[in-house]
Structure formats: C-alpha cells, structure tokens
Amino acid sequence: MAAPRHRRRGFSRRVQYGLFAGYVIAIVGILAGAALLLIARLDPRAFGTLRGVAVDAGALFTGVGRSGIDGLRDAGDAISAYVAAGSQNEMLREELVRARRALIRSKAIEAENIRLKKLSRLSEHLPAPILSARLIGSTPTGQRRFATLSAGTSDGVRPGMTVRSPDGLVGRVYESGIFASRVLLLTDGETAVPVKITRSGQAALATGQGDGTMEVRALIAGGNPFRRGDLVVTSGTGGVYTPNTPVAVVTVVRGDRAIARPLADPARADFAMVFPIFQAPVADLPAQPKP
Amino acid sequence: MIARKGNPYMERPALRVTLIPIASTLAGSATAIVPIIATEPIVPPFGLMMLLAWRLLRPEIWPLWMALPLGLADDLLSGHYLGTAMILWTVAFLVLEWVDQLLLWREGWIEWAIAAVALPLLGVGAWALSQPIGSHTPVLSILPQTIGAILLFPVVLRLTARLDSWRLKR
C-alpha cells in the first residue's frame, strides 16, 4: 500500500494555520516538559498535590483487583506445596531439629542481653509503628520502582517515613495522596540505606539497582568484607531508618562489592507497617560554661 | 446558511470517534497500576505501544500536540518525573511526521520495524530522564520489557485496528 499523505497543506489557510499551530504547541510543550523535569530535579516534592491525586485515583482501581490476584497466587502456592510434600517433609523435620537448638541458644543470649542492657542502663529509642496498611500495587512498566500503599495523609502517612514488612525493610514513602501513597522500594536507584553486616559489624551502604537487587559497598576501602549469605541489617546511622531492621542477603560477591537480594518481597507482604522517621537519641550536650 | 442536520459534511463526529483512541491509550498507560508488585520492570509500556499503534495506523486523527496531555497522564500514572513522557512522546510524534514524508510505502511489516526502532530508543530515553542523580540503575534493566514490547507490538496493532473499525462503525 502506498503511504497515505496526511497533513497536506493545500491552499486552505485554515489547514495551514492549524498545522503550524500544532508544531508551535508541540515545541512549546517540549520546552514546558523540560522545565517540569528541571523543577523535579531541584525540588522532588513539587506538584505533590497533583501527584497525590493521581496516586489516589490509581489506588481506587488497584485495590479492587488486588484480592483476586491474592487468591490466584495462594492457589498456585497450595498446588506446588502438594506436589513437593514428600521430600519437603523430611527436609523440614531436619530443619526443625536444628531450629530448636538455635532457639534455645538464642533464648539464653536474649536473657543475657537483657541483663547486660540493665547493667549498662542502655535505653533504645525505637519508634513504634504508626499503622499497618496493605501494599496494593506497583509500577511494573516504568524505570522507577514504586509500590502503592493503601494509606495516605488522612492516616498520618507523610513522605520520608519508612515502611517495613514482617520480613524486613520494604522502602520509604515517596509521595502521599489522601488515602494512598507511593512507596519507593529498596530496589529503586534512588534508595541508599546505611547498613551493617551482622557477621562482622562492618558498616556499608546498600543502594538499589532497579533490577530487583541491591549493591552493597563497604564504607572502608580494601579487604574482602562480604561473604555469600551474609545478612545485611540497617545500622541506623544518620537517622531515617530504625537500626537492626533486616534489609537483604548477599548473593554474589565481587571483590569489595556485593550484590544482595532484599529479604522482604513486597509482592508477598500482605501488610506493611509504616514507621515515623527514626531520630537517633541526641547525646547530652556539654553544658555552657558560666561566664 | 447551510443546515447542519441531514448534511453529511456538517455532521459532528460522534463522541465515540474521538474518545476511543484517547481512552485506549490511557488504558494502556493504566497498566502501570495493575495490582502486581514487581521489583523489576517486566511489563511492556502498553501506553506507549497504544500511542504508537494509533499514530502509525491513523496518522490524521491526532494533532501533533496530542502527545503532551497523554504523556502527562502516563507520567502521573507511572510515577516518573513529570515531563518525561511529555517530552519523549512529543519528540517521537515530530520524528514520525518526518518519517511519514520519507516513506513511500506502508505495510504492517514496516510499521513493526518503525516500532522496533522507536521502542528501544524511547525506553532508553525514559531511563535517562527518569533516573535521579546518583542512581545505579543500569540501562540494561529495560531490556526484558523492551523485547516483550517489540514482540507484542503486532498484537497491539491488530487490537488497535479492531478498535478503529469499531470506532468508525455506523
């Protein structure tokens, strides 16, 4: 088929002006878009209201479909559990024996821990969660990793608050609408969490990579600080994240860097708890000397 | 005075005629809010694919600036910085104007080829514009969804053609 010739200018002034106006509006629109991008770079919280309304509107549709998806996934899990029942039974029994021993050991450690804390009169200012809400969806198409949380400003959720599930850290609240908010997941490129390795206590920084993994870099250069299977927890440095929240498990070690997989799978976490921004207790300031 | 009623040249097009392309593109963008939680981008950008399909099948239905509001809606739904899709989609429309003048022959294969070039380029563009400063997301993270988008594009073209014939049905 020969290509259709549209946008013919012809002799009609009306058509000519219409086409020209189209080009002008498009160019002006591109410039306006560039300005919007620049504003977003300089002030990421700009247009919060407009974006919040969009989050709310999206959550209306997402919340309805979520229950159906949950049902489907549960059915799939049940079928696969049935198939693997025999071999799994044996494995689980062994694991139970091991876990019991570990539990007894950890109880002893816990008791000792309480005793030592009393001795040193250490008080921890760990914040209590504000609320728990459902994670109802995410943006699987875009290059940013966001999830939608079914609680917004009317419930007291504000941008910057941390979100965690029973398995570990999920992310931070990025922007909030009235009854839904957007959570920046750990795997997004903007996420940077100060962490430590539980095995060695080595401080590190975990950053999202946008492809379902995080990169962990030690703060001290050199050496081989990571091992496969290392547990990474938040260190609480700099506030924001509550200390000792599980974050990820190291899966690949590349020299002094490591690739880790987040522990909390937001797709499987039914509920997520929202924590206020953690502020480390301020040490007593030295008293002002009397003049 | 020419009577509007009964005159086939003066009749206004039904609402359906103008609304279906816009609504279907918005529905494509709304795949960003399907209730799946993904930790990596796996779902193809259906909003962009619908937009390209309408633009390739029916170049005359939309003025050039139509990509601006549709891009804004896509930005709001996907959580990208406002302006990302606005810029990219409008630039794509401008380039397609030029391509329209260049090509003398149109076929399904050619449209698929145009989309196969446009989708990776727009994907890389969206990656570049949507990442915050200091981000570590590799550009290859767009690979799975782009491959999916290219393979699915003929299906979207067919779907758009179906919608088009329904749109223009009397």
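For the reader, a short list of remarks on this structure follows.
- Subset of region B:67-83 that is more than 7 Å from chain A (Cβ to nearest Cβ) and among the small types (Gly, Ala, Ser) - its residue that is farthest from A:Ala59 (Cα to Cα): B:Ala67
- The requirement of being of a type in the set (Lys, Arg) and part of a loop (DSSP other than H, G, I, E, B) is satisfied by A:Arg199.
- Whether a residue is part of a helix (DSSP H, G or I) and over 19 Å from A:Gln143 (Cβ atoms) was assessed, and B:Met86 does not pass this test.
- Filter result (assigned to a helix (DSSP H, G or I) and either among the hydroxyl-bearing types (Ser, Thr, Tyr) or free of Cβ contacts under 8 Å to residues at least 12 places away in the same chain (or both)) within region B:153-170: B:Val155, B:Arg158, B:Thr160, B:Arg162, B:Ser165
- Hits in region A:1-48 - residues which are at pLDDT 75 or above, under 37 Å from the mean Cα position of the chain (by Cα), part of a loop (DSSP other than H, G, I, E, B) and more than 7 Å from chain B (Cβ to nearest Cβ): A:Asp43
- Test: A:Ile197 is β-branched (Val, Ile, Thr) and more than 18 Å from A:Ala46 (Cα to Cα): yes
- Consider region B:91-109 and keep the residues that are facing another protein chain (nearest Cβ under 10 Å) and over 20 Å from B:Trp62 (Cβ atoms). The one that is surrounded by the most Cβ atoms within 10 Å (Cβ to Cβ) is B:Gly108.
- The residue that is most open to solvent (accessible area, probe 1.4 Å), counting only those in region A:237-269 that are more than 16 Å from the chain's Cα centre (by Cα) and of a type in the set (Gly, Ala, Ser), is A:Gly238.
- Qualifying residue in region B:120-139 (condition: open to solvent by less than 70 Å² (accessible area, probe 1.4 Å) and on the phi > 0 side of the Ramachandran plot): yes
- Residues that are modelled with pLDDT of 75 or more and part of a loop (DSSP other than H, G, I, E, B), drawn from region B:34-56: B:Pro41, B:Ile42, B:Val43, B:Pro44, B:Pro45
- Looking across region A:127-149 at every residue that is facing chain B (nearest Cβ under 10 Å) and more than 21 Å from A:Ala192 (Cβ to Cβ), the one that is modelled with the highest pLDDT is identified as A:Thr148.
The values are calculated or read from the model by the stated rules, or taken from the named source; none is laboratory data. What you are looking at is a predicted structure, and each value in this text was computed from that prediction instead of being measured. All Cβ positions, even for glycine, are placed from backbone atoms using ideal geometry, and neighbour counts span all protein chains on display. Heads up: the accessible areas ignore ligands, DNA and RNA and are worked out on the full protein's heavy atoms, side chains in. Shrake-Rupley method; radii C 1.70, N 1.55, O 1.52, S 1.80 Å.
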